[in-house]
1. From the list (i) 71, 63, 34; (ii) 156, 54, 39; (iii) 73, 55, 42, can you say which value of Cα extents along the principal axes in Å was derived from the structure given?
2. May I ask for the distance between the Cα centers of the stretch 222-258 and the stretch 348-423, given as a whole number of Å?
3. Between residue 42 and residue 155, what length in nm is gained on full extension when 0.36 nm per residue of separation is reduced by their alpha carbon distance?
4. Largest first, please: the extent of the C-alpha atoms of the stretch 148-191 along each principal axis, to the nearest Å.
5. Note down the relative contact order for the stretch 117-194 as a percent, whole number, built from C-alpha pairs under 8 angstrom at least six residues apart.
6. Under the definition of Cα pairs under 8 Å and six or more residues apart, what whole-number percent is the relative contact order of the stretch 4-466?
7. Can you compute the helix-only [θ] at 222 nm over the chain? Use -39500 (n - 2.57) per DSSP H run of at least 4 residues, normalise by all residues, nearest 500 deg cm²/dmol.
8. What number do you get for the stretch 272-325 when its Cα radius of gyration is normalised by 2.2 N^0.38 Å, N = residues?
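Throughout, read-outs are computed from the coordinates displayed, never taken from laboratory work. These numbers were taken from a predicted model, which means no experiment stands behind them. Cβ: placed from backbone, ideal geometry, glycine included. Neighbour counts: every protein chain shown.
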């Protein structure tokens, strides 16, 4: 049975949700600006990203017509501002409230419209990040994502790339500064949750967290559609977006301008299958992805030193044994369980999951799972609203657990034996007007950073404005 403080938090969460429901005449639209994964951005009238608050403004927020003029020539731009007000109200490192925001500017260029070069597009985006503290690092002290926009305050270039499609749009090649998390190891259903992000198993095991928000790095990506509803993707990226060194990796590449190309490469590949995902389909939608990654650098052993002793042994060298390379396997599934009449692949009731494993000897986390359930279009008079529950489970590797036990044995000082960190999130997303979303949120965190004696509870709300 839930304790009284937790019941109060749940009442607060549903109270905020009720206010949102009563005050929001519109409903949640699909992911902004179409799907960067599967094709060109979705735009209205050739120049407005979908959805956009511009549609609620006089003359679509473009009284002089400049935005339309650029769109007719293949240039489409947009701005998105995300704001989180989140409070750690119980447990963790300390209680307190943070306010964080991310302004994102996005630009796409269709060179077919601009210069007659069909199939060539360009994409670029930047972030302006600010906050009064970082909820995960400064307040909870865990490793799993709590709010995916959390990052070091700065203005930084993110991605900038060119993509050329060929073979009748059945294949494309992308080159430039890339982020792997926009196309790989990705569940579309999970994107409504604040804690949905580049999975923990990759973020803590790869140098500088890998090429994922807020970092990106030079690379190339090939995508091929050999048959209907099947995609093959392969990317080769520089293996360390920030470069080696002490301190926070985001500070080592604070403005996104390092453009490193000499680090050992990171390779990731994925095969994707879709069924009944079209707007005219009426069966249950399925998306299945199987993938794997490899890194060609060297990685420290988590338990043994280079002289064969235990790292926790004060009489040993204390220098970790080095392993050549690292790798991981993963699977992603989005499965619709109920599809309303005339509903799309995101409506009704759906479940999602991401699962992954990596070698224990050279990694902090060797097993990972996240998943959840999403309800869409099930509330009368609010057919496009969505709400759901998601969970993240990150298991610390067997080698890490053994190291912790060794440390207790050699020092004689009791300490935590890291086991797992688990997060649970409840959230509701509603659209006040097209392009303005409000999202109350409640999260419970068990065993932050693997410490079984700790826990935390986070409550708050997210707002998103898109223009």
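1. It is the value labelled (iii).
2. Using only Cα atoms to place each centre, the spacing works out to 23 Å.
3. Values: separation 113, 0.36 × 113 = 40.68 nm, distance 2.64 nm.
Stretched out fully, the residue 42 to residue 155 stretch lengthens by 38.0 nm.
4. 42, 26, 11
5. Working: 95 pairs, mean separation 25.3, N = 78.
For the stretch 117-194, the relative contact order is 32 percent.
6. Numbers: 1234 pairs, mean separation 72.4, N = 463.
Contact order relative to length: 16 percent.
7. Details: 6 runs with 54 residues, N = 467.
The helix contribution divided over the chain gives -3500 deg cm²/dmol.
8. Working: Rg = 23.1 Å, N = 54, 2.2 N^0.38 = 10.0 Å.
In units of the globular-protein estimate, the stretch 272-325 measures up at 2.30.
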